[in-house]
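What follows is a set of notes on a single structure, which appears directly below.
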Amino acid sequence: MDNISRNKAAILRFKECINTCDHELAEELIDSRAEFASLTSSETLYGGAGYLSVVELMRRSFSDIHWEITDMAAEGDKVAVSWICSGTHDGEFMGKKASGKKFSFSCMNFYYFNDDGKIIRDVAAQGLAGLFGALEA
């Protein structure tokens with residue numbers, strides 16, 4: 001399997017990882033030295049556990065949050081993914097009290113892979129702005 005096919009296959013497994021908060025799968029797919037910045041933490045987050053800490057925070061605020069891939073393109077060491085994120089605002093999120101409102105929004109992320117086929121970087125094109133927009137609508 002070439003690297004592009006391998007990386008796209010990893011993203012399909014990554015979707016499962018974030019939708020189930022599977023820590024074992026996160027450690028398998030995300031390099032332990034990968035650094036992630038988040039508006040939800042003043043500290044740099046590392047590896048699969050760091051990445052899933054943000055997902056877990058979101059699950060406390062949106063217990064049924066779900067990500068679905070709508071499109072994916074790969075070149076070299078990166079995969080661009082268009083996502084639909086949906087859920088219900090049933091817990092406090094960054095100071096916003098639970099509204100019970102259902103939401104759905106589109107977002108795009110670029111995932112970068114190392115030579116071992118592990119995610120080393122995630123760049124969100126829209127990030128939390130899309131979520132805040134969906135909660136305000």
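A few points about this structure:
- As a fraction of the 1.4 Å probe accessible area of the chain, surface on carbon and sulfur atoms comes out at 51 percent.
- Pairs of Lys residues in region 11-137 are counted when their Cα atoms are under 30 angstrom apart and they lie 8 or more places apart or on different chains; the count is 7.
- Size of electric dipole in the chain: Cβ of Lys, Arg +1 and of Asp, Glu -1, about Cα centre, debye, nearest 20: 480 debye
- Net charge contributed by nearby residues that have their C-beta within less than 15 Å of V54 (K/R +1, D/E -1): -2
- Contact order relative to length of the chain, as percent, for alpha carbon pairs under 8 angstrom and 6 or more apart: 21 percent
- Summary value for region 3-68: 29 percent relative contact order, contacts being C-alpha pairs under 8 angstrom separated by 6+ residues.
- Taking a ≥ b ≥ c as the square roots of the Cα gyration tensor eigenvalues, region 19-93 comes out oblate, since a/c reaches at least 1.5 and a/b does not exceed b/c.
- In region 1-44, taking the dipole from charged Cβ atoms about the Cα centre, the farthest positive-side position among A10, S42, T20 is held by A10.
- Inter-label distance for R33 and M1, nm, one decimal - labels placed 7 Å from Cα along Cα-to-Cβ: 2.4 nm
- Charge tally for E28 (other residues, Cβ to Cβ under 12 Å; Lys, Arg +1; Asp, Glu -1): -4.
- Signed unit charges on C-beta, dipole axis of region 1-126, positive-most listed residue F103, V55, A124: F103
- Ligands, DNA and RNA are left out, and with a 1.4 angstrom probe the accessible area of region 1-136 is 53 Å² per residue.
- Mean-square fluctuations from a GNM of the chain, with a 10 angstrom spring cutoff on Cα atoms, peak among A80, A34, A124 at A124.
- Top of S104, S61, S41 by mean-square fluctuation, Gaussian network on the chain, Cα under 10 Å: S41
The values are calculated or read from the model by the stated rules, or taken from the named source; none is laboratory data. None of these values were measured; they are calculated from a predicted model. Heads up, the Cβs are rebuilt from the backbone with ideal geometry, glycines too, and the neighbour counts pull from every protein chain shown. The accessibility values were calculated without ligands, DNA or RNA, using every heavy atom of the protein model including side chains. Shrake-Rupley method; radii C 1.70, N 1.55, O 1.52, S 1.80 Å.
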